[in-house]
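Structure record follows, encoded as structure tokens.
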Number of protein chains: 2
Amino acid sequence: MDQKTIKALKQIVSADNLRTAEEELLCYSYDGTGREFVPEAVALPGSTAEVSAIMQLASATPFPVVVRGAGTGMTGGSLPLAGGLVLAMGRMNRILEIDVANQVAVVEPGVITGDLRDEAARHQLYYPPDPASFKFCTIGGNVAECAGGPSAVKYGVTRDYVLGLEVVLPDGKIINTGVRTAKGVVGYDLTRLFVGSEGTLGVVTKIILRLVAAPATKQTLLVLLDSMERAASLVAEILARHLPCTLEYMDRTAISLVADKFPAPIPEGTAALLLIELDGDREQVEHEGQRLRAFLQAADQVLTVQAAQDATEAEQLWAARRAVSPASFTLRPHKISEDVVVPRTRIPELVATAERLAATGKIPIFTFGHAGDGNIHVNIMLDRGNPAEVTAAENAKRALFTKVIELGGTLSGEHGVGITKAAYLAMELSAETIATMQAIKRLFDPGDILNPGKIFPPPGGDEENI
Amino acid sequence: MDQKTIKALKQIVSADNLRTAEEELLCYSYDGTGREFVPEAVALPGSTAEVSAIMQLASATPFPVVVRGAGTGMTGGSLPLAGGLVLAMGRMNRILEIDVANQVAVVEPGVITGDLRDEAARHQLYYPPDPASFKFCTIGGNVAECAGGPSAVKYGVTRDYVLGLEVVLPDGKIINTGVRTAKGVVGYDLTRLFVGSEGTLGVVTKIILRLVAAPATKQTLLVLLDSMERAASLVAEILARHLPCTLEYMDRTAISLVADKFPAPIPEGTAALLLIELDGDREQVEHEGQRLRAFLQAADQVLTVQAAQDATEAEQLWAARRAVSPASFTLRPHKISEDVVVPRTRIPELVATAERLAATGKIPIFTFGHAGDGNIHVNIMLDRGNPAEVTAAENAKRALFTKVIELGGTLSGEHGVGITKAAYLAMELSAETIATMQAIKRLFDPGDILNPGKIFPPPGGDEENI
């Protein structure tokens, strides 16, 4: 990126909002994958017009542009692989409107997801998507990756809440997609084409979101079982009768990592844990909670059913669940975290595969995640300094993906493809499907300036990014 | 279409499944708009391979292909404007799979929506989308138009239930999109690009659908009010506290058309009617129904609140609601039915506009529809033999659309654009947005053989199809 380009960028966003010093660039070089790619410059645009001017400059010059929210992505979506410019959206962080009666929010992409959830709550409204990083990540990043979270089993994912977008195309043109009403079918669904496109088709500069009425209360249940198979069949039985807002599970290795963090001791022989939450109005949750507890207590192979007595106890259960990730580093210093999805009845086969791969590769592998929708976080632990473990982890990842596809699943439920799954894309999608997607990429971005190197398999072959 | 092409088509689908006799072609020439365009031939393919062979032939020849389900569309989506071949999907009508534990259905496009709903119900499952034509229309048509229905206020529209598709592209290539799991974010969201694309991008040959647990029971409430403004504010108050599965309204003209069909007399001064349904398990509906009735009985300007005592009484209320359309023809022999959407708080302004336009144009205009999501059916009645009324109706339609856009709405909530709204597209979408959509159309269908003449404004100018 030459001085003329830097000067032009400064003219667009002002010198204050352009970073070029190396120590500043480093702050925008990493994401949740732990990888680092240093950009040549970082611009912090303050308006759609500035984003448009930057994209016009980038197209004309050309140079690569990578959009960045909070850098919490798990697959490298915001990493500037090819250098160029990082467009950091943190200054465009205004909640522009909460339309209470129509249950709609209009926000800029840099809004922190948790801030929107808090602001909605002030109006007795609720923005359901709750990725684990919701206190730090941005709505723009959530839209780019189609983020999910535990509440997806009842409420769906980011895609289900985006009504419309303002998008700057790679050539700088600004388009509006979708509606700000509950329904709308005028023309092609460009909105959902951009959602989950991992910042490769356009720069989202405004987001119209659907909100729902806030549930008045929650009830949290902990269920321990002596078998993973039984946990999975129980999940299907629960979902035939109830619609919990959370239905998480942990396998035996995950449980063992945090066994001391639970309010009551974990009985011997526990092989699976379910964390279930119901939400709604008070009487309804009370009534449904009673029904669900009675059902669970009468179910086979259930060791214990424990209802959180209050918010503190519920928080203790969640703290144990959240402690799994940090505690896993007692096993090995590095982790490959995959977010595969299988039909929920196939979870036991996936867990068994993970256990088998761990034994074969002599590395710890454990699973936990969203049992209600089959979205499983598979954690392959390794020491990257140990070549044998790196090879074992690579093999385990590929074998895991093979099994996932065989079970009718998908390689990613909420993290996206980015760079970490690009080499595996052809395991799930046919050559024709990939070619169709690549044709769409070329249509929107013929110069390949927007987030190059993401989603699609690297042309050089199948370099694997584990 | 020459004899060589006809012969080639017969070779693909067999002579039995190709129609060319004029009286047979007429059966595939109309849709819910009442317009007629006669195709040159009709093929009834029996498999994806046959569809692929037909599209290869159509691309090579070339000739236009228009996909048809049951012909119940309201905007001309299945009309063969340019002649050519109609691809009638009625033979591909198998429910291939109901995966009960994973709550997934796999179907062919010719399945009648009501048949799927019935089959799901046999497994205590529920396919929510319920367009008025659900007893006749096909899932394929629902996917093409992204059909909605009264239940959308709680359950969403067709888009929210389509997990994945098998699609034959205009050149005959077959692709698979999406997943058969609850979540999936691998690559671009081609699934939702095809949903609502009105048969212009590809031929859907298989559909993977999400099902939900069947609600055990329903409760139906009729609410009469003395003001449309109050009805709209009440809708917002209801949705802040409850999530009914239906929240329909009728304006005073619609009520007057069917006043004698209700179980109890409609009091004088009634200006708006709400039909509300709650669903769920028995105790929950009972409890929530009590809360809702208490709230409604205490609300200002509510004339009566009546709960259906049993299924027969509920059916009587729905029969009255369904009688509005047939009864409207006592007003005039022809109808223009629009399905605009506005933010639900703006419904009174839209109803007032309709009443004003009726007075100005001296033609009856009445509205009813989905108050919960602001999707309003505006019915402009006219005698097409009367040029003054045709002009008045044209003017009313344009003025209505202008107002809808001014109120932050959209021209279609569930019927699509087709030919009846194509001339008005630029009222809602910018030139850049339309150009983006047209570029996608050219990418998928460079020869413009698949459903030509739909969605986009006719190149000749703004010929209006009322």
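The values are calculated or read from the model by the stated rules, or taken from the named source; none is laboratory data. Bear in mind the structure is a predicted one, so any value in this text is a computation, not a measurement. Cβ sites come from the backbone with ideal geometry, for glycine too, and all protein chains shown count toward neighbours. When the accessible area is computed, the model is the full protein with side chains, heavy atoms only, and any ligands, DNA or RNA have been set aside. Shrake-Rupley method; radii C 1.70, N 1.55, O 1.52, S 1.80 Å.
Taking +1 at the Cβ of each Lys and Arg and -1 at the Cβ of each Asp and Glu, which of B:Leu278, A:Gln290, B:Ala358 sits farthest along the dipole of the protein assembly as shown towards its positive end, judged by Cα position relative to the Cα centre?
Result: B:Ala358.
For peptide B:340-348, what's the mean number of Cβ atoms from other chains within 10 Å of each residue's Cβ?
Across the residues of B:340-348, the mean count of other-chain Cβ atoms within 10 Å is 4.
List the lysines whose alpha-carbon lies under 30 Å from that of A:Lys335, not counting same-chain residues fewer than 8 positions away?
Answer for A:Lys335, where 30 Å is the Cα cut-off: A:Lys135, A:Lys154, A:Lys261, A:Lys362, A:Lys397, A:Lys403, A:Lys421, A:Lys454, B:Lys183, listed by chain and number.
Keeping all protein chains in place and using 1.4 angstrom, which order do A:Tyr28, B:Tyr249 fall into by accessible surface area, from largest down? All intermediate terms of the calculation are to be shown ahead of the outcome.
Numbers: A:Tyr28 45, B:Tyr249 0 Å².
Accessible-area ranking of A:Tyr28, B:Tyr249, largest first: A:Tyr28, B:Tyr249.
How fast does the range A:222-325 diffuse by Stokes-Einstein, in µm²/s, taking the Kirkwood radius from C-alpha pairs at 37 °C and 0.692 mPa s?
235
For B:Ala271, list long-range residues whose amide hydrogen, built 1.01 Å from N in the peptide plane, is under 5 Å from its own amide hydrogen.
B:Leu225, B:Asp226, B:Ser227
Kirkwood Rh, chain B, all Cα pairs: how many Å?
Final number for the Kirkwood radius of chain B is 23.2 Å.
How large, in percent, is the carbon and sulfur part of the accessible surface of chain B at a probe radius of 1.4 Å?
Carbon plus sulfur share of accessible area: 51 percent.
Under the rule a/c < 1.5 gives rounded, and otherwise a/b versus b/c splits prolate from oblate, where does the range B:153-246 land using the Cα gyration tensor?
Because a/c hits 1.5 or more and a/b exceeds b/c, the range B:153-246 counts as prolate.
Which single residue of chain A puts its beta carbon nearest to the axis of rotation relating A to B, and what distance, in whole Å, does that give?
Nearest to the symmetry axis by Cβ: A:Arg192, 2.
Determine ³J(HN,Hα), in whole Hz, for all residues of the range A:51-68 in sequence, where each value follows from phi through the Karplus function 6.51 cos²θ - 1.76 cosθ + 1.60 and θ = phi - 60°; x replaces Gly and Pro.
4, 4, 5, 5, 5, 4, 5, 5, 5, 6, 5, x, 8, x, 10, 10, 7, 9
With a 1.4 Å probe and all protein chains in place, put B:Tyr30, A:Tyr126 in order of accessible area, largest first.
Largest accessible area first, the residues go B:Tyr30, A:Tyr126.
Only bridges with both residues in chain B count here: give the DSSP antiparallel percent, nearest 5.
That works out to approximately 90 percent antiparallel.
Evaluate 2.2 N^0.38 Å with N set to the residue count of the protein assembly as shown, then give the Cα radius of gyration divided by it.
Ratio of Cα Rg to 2.2 N^0.38 Å: 0.94.
Using a 1.4 angstrom probe on the protein heavy atoms only, line up B:Lys397, A:Lys135, A:Lys206 by accessible area, largest first.
Ranked from most to least accessible, the order is A:Lys135, A:Lys206, B:Lys397.
Which shape class applies to the range A:113-158: rounded if a/c is under 1.5, otherwise prolate when a/b exceeds b/c and oblate if not, where a ≥ b ≥ c are the square roots of the Cα gyration tensor eigenvalues?
Oblate shape, in that a/c is at least 1.5 and b/c is the bigger or equal ratio.
Under the convention of a label 7 Å out along Cα→Cβ, give the distances in nm from B:Pro265 to the same position in every other copy, shortest first.
Shortest to longest, the spacings are 7.6 nm.
How large is ³J(HN,Hα) for each residue in the range B:112-128, as worked out from phi by the Karplus curve 6.51 cos²θ - 1.76 cosθ + 1.60 (θ = phi - 60°), to whole Hz, x for Gly and Pro?
Rounded to whole hertz, the list is 5, 3, x, 5, 5, 4, 5, 5, 4, 4, 4, 10, 6, 10, 9, 9, x.
Report, in debye and to the nearest 20, how large the dipole of the range B:131-174 comes out about its Cα centre when Lys and Arg carry +1 and Asp and Glu carry -1 on their Cβ.
I would put it at about 180 debye.
Measuring from a point 7 Å out along Cα→Cβ, what nm distances, shortest first, does A:Ala388 have to its partners in the other copies?
9.6
Excluding ligands and nucleic acids, what accessible area in Å² is computed for B:Asp2 using a 1.4 Å probe, to the nearest 10?
90
Once phi is turned into ³J(HN,Hα) by the Karplus curve 6.51 cos²θ - 1.76 cosθ + 1.60 with θ = phi - 60°, what whole-Hz value does each residue of the range B:84-94 show in order, with x for glycine and proline?
Computed from phi, the couplings for the range B:84-94 are x, 9, 9, 9, 8, 8, x, 6, 8, 10, 8 Hz.
What lysines does B:Lys10 reach when the alpha-carbon gap must be under 25 Å and sequence neighbours fewer than 8 apart in one chain are set aside?
B:Lys173, B:Lys206
How big is the charge dipole of the range B:389-450 about its Cα centre, in debye rounded to the nearest 20, if each Lys and Arg gets +1 on its Cβ and each Asp and Glu gets -1 on its Cβ?
Roughly 40 debye, rounded to the nearest 20.
Tell me, what is the FRET efficiency for A:Arg291 and A:Gln438 to the nearest 0.05, using R0 = 60 angstrom and their Cβ-Cβ distance as r?
About 0.75, to the nearest 0.05.
Using only protein heavy atoms and a 1.4 Å probe, how much accessible area in total is buried between A and B, to the nearest 100 Å²?
6000
Just tell me which aspartates and glutamates come within less than 14 Å, Cα to Cα, of A:Lys4; anything on the same chain fewer than 8 places away is out.
Answer for A:Lys4, where 14 Å is the Cα cut-off: A:Glu40, listed by chain and number.
Kindly identify the range B:270-333 as rounded, prolate or oblate by the Cα gyration tensor criterion: order the square roots of the eigenvalues as a ≥ b ≥ c, call it rounded if a/c is under 1.5, otherwise compare a/b with b/c, prolate if a/b is larger, else oblate.
Taking the square roots of the gyration eigenvalues as a ≥ b ≥ c, the range B:270-333 is oblate.
Let me know the mean shielding of A:398-408 by other chains, meaning the per-residue number of their Cβ atoms within 10 Å of its Cβ.
1
Taking only DSSP H segments of four or more residues, each worth -39500 (n - 2.57), what value at 222 nm results for chain B once the sum is divided by all its residues, to the nearest 500 deg cm²/dmol? Provide the component values of the computation, followed by the final result.
Working: 15 runs with 163 residues, N = 466.
That comes out to -10500 deg cm²/dmol.
Can you pull the accessible area of A:Ser47 for me, 1.4 Å probe, Å² to the nearest 10?
Surface open to solvent at A:Ser47 totals about 40 Å².
Round to the nearest 10 and report in Å² the accessible area of A:Trp318, as given by a 1.4 Å probe over the protein chains' heavy atoms.
40
Determine the per residue accessible area of the range B:390-456 with all protein chains present and a 1.4 angstrom probe, expressed in square angstrom. Mind showing how you got there, number by number?
Working: 2000 Å² over 67 residues.
Each residue of the range B:390-456 exposes 30 Å² on average to a 1.4 Å probe.
Compare the Cα positions of A:Phe37, A:Val195, A:Leu303 along the charge dipole of chain A (+1 at Cβ of Lys, Arg; -1 at Cβ of Asp, Glu; about the Cα centre) and return the one farthest towards the positive end.
The residue sitting most towards the positive pole is A:Val195.
Return the loop-located chymotrypsin sites (Phe, Trp or Tyr not before Pro) in the range A:153-200 (DSSP other than H, G, I, E, B) with at most 16 other Cβ atoms within 10 Å of their own Cβ; answer none if there are none.
Taking the range A:153-200 and a limit of 16 other Cβ atoms within 10 Å, no loop chymotrypsin sites (Phe, Trp or Tyr not before Pro) are found.
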